[in-house]
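Heads up: the structure comes next, in structure tokens.
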Amino acid sequence: MNELVEEEGQKVFFISAYQSASKGLNPIIRNQNGDEKDFDSLVLLMDSYYTVMKPSLKKSKDSEKSTTIYHFALMKSIVNLGESNIEIKDFNKYLSQPEAGAFREQQHQILLGKEVLQAIGRAERRDFPNQVVKIFVNEETRKNLVDFYRYLEREESNEIRKFSVNNHKVYLSVQEEEKKRAINDYDEHVYHETNASLHFQTFREKMLDEINNFHQDKNAFAITKMWDALREPVVFKEPDRYLKKLRELKLFPDDFIESLFYHNPEQPEFTPYLASEEEDGKKFQIISDSINGEKIYPYQKRLYPEYLKTNAQGYDLEGNEIGSLDPSTDLIYKLYNKLIPQPEIFNTYIPRPHFFYDVLYPSLTENFTECWIQDVVFKGKDWKAIKLIYGFEPLLDFKKYNKLYERFDLYYIKDNTLFCIDVKAWSIASGNRLSNKTLEKSQNKLNAIVSDYREFSAVRGLLLNLHATQEKSHQYSPTLFSGSLIYFDHQSFPVESNILKDFLFPKDK
């Protein structure tokens, strides 16, 4: 909290924020005796789908005004972005699409910032004779103000000059507080980060070459130990033990291991940003801070999104908790939290972007799917019992089937039919559709497997995304399918899609 004004012997009022049942922030004014006055029941909703996006219970001039203002903001954003084919009549439809996510998030941050400014302004307009106003800002609000101020400085710098006295003091205080969280010796930091990127990319390319060699030569088997060690799920629970195991394996150079995480135990409240740098003609995204960075690093939202946390329940209009209707929802929460029991550990072990997008997040989706197949689809039985009851077994003998390694992520056999699953690490925005290039590449892999291993009577492929906004199932050829393991119901709860079970247990047509 940031205390801006203090004077002993005075009756003090301050603005505070507390978590409400709707998971938002409610600024109030409270005196030292605990008496409270609200600011017109002002609520700062903290989820990314804020009030304007929700369907109103009844039409009003105010709601129409809010929608109009929102559309003007969208038009302004589109003009800044350049050419666009979006027509005004399609704005509402566009706003609900994943592509508008960045815009919605930006507008959400702007609304949050404006509401805080208004709350402080209302405090100034109250008449408190001979009293000193003390303003406290909690950590979540402080982070939101950092983003809001960054937006104003970049897009509307004149607005900062219009701040009231106390709002300007909050602005200076937040800026000063953020400097304490900045990276020291930033030039040296950039040097280390670009070096880490180079070390990672160099050894990654070497591993990819060794996978290609393994497809041609069964004796190049060491690559499987390396690749499997990188995807060891212990990384989501104990990153330090994960790094220790990589060192003990003695298959990775030290520079590569050190390139995986930016370890920052001295600043647990540090907010990572991304910045673009160029070294030796190559461009990199590196971890930065709010002073030097370009945008917030969204790894935590991808790694542990709010809707996959334990008991992420919603609330109805009366404030009663809304329970999930689908039994798979609780199983999703349980398994996800089993894989990542302490997400806060990634506040200090910050995965660098190259490691996160190329290895860590794909590893999470693959481990989740593999566990889901055994624990949910096959009801937690061991593979000996699964083969006896269901006829399925995982294909793990890559010395015999070396050409299969890393063509797809997971393989299962039943009655000489090979089931190939490629677990994609798409974002929600890209998970609703696939490019023709991706489909053609996957179909070519299936055709090559049929040609290389004629002992399989059939080869089927599934491109499986972890989650998408809606349940979608596609068949592109007699042997290639796609869909998402998780989608979201009308209450935004994660539920299991049927695509995986339909793929493993095809119905006779």
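The values are calculated or read from the model by the stated rules, or taken from the named source; none is laboratory data. Small disclaimer: the values here were computed from a predicted structure and weren't measured. Cβ coordinates were reconstructed from backbone atoms using ideal geometry, including for glycine residues, and neighbour counts include every protein chain displayed. Heads up: the accessible areas ignore ligands, DNA and RNA and are worked out on the full protein's heavy atoms, side chains in. Shrake-Rupley method; radii C 1.70, N 1.55, O 1.52, S 1.80 Å.
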Amide H to amide H under 5 Å from E279: which residues, 5+ apart in sequence or cross-chain, H placed 1.01 Å off N in plane? F284
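With the full set of protein chains in place, find how many percent of the accessible area of segment 391-493 is carbon and sulfur; take the probe as 1.4 Å.
The nonpolar share, carbon plus sulfur, comes to 46 percent.
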Accessible surface, 1.4 Å probe, highest first, among residues L152, L396, L172: L396, L172, L152
Cα centroid distance between segment 353-408 and segment 260-294, in Å? 33
Residues of segment 201-225 with backbone N under 18 Å of the label point set 7 Å from the Cα of K399 along Cα→Cβ are 214-225
More than 23 angstrom separation, counting every C-alpha pair in segment 378-509; what % is that? 36
Among DSSP beta bridges whose residues both lie in segment 386-509, state the antiparallel percentage, nearest 5. 45
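First compute the accessible area of segment 161-278 with a 1.4 Å probe, then give the percent of it belonging to carbon and sulfur atoms.
Exposed carbon and sulfur together represent 46 percent of the surface.
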Pairs from K282/K437; K334/K387; K143/K169; K218/K250; K225/K441; K400/K441 whose Cα-Cα separation, in the structure shown, is over 18 Å: K282/K437; K334/K387; K218/K250; K225/K441; K400/K441
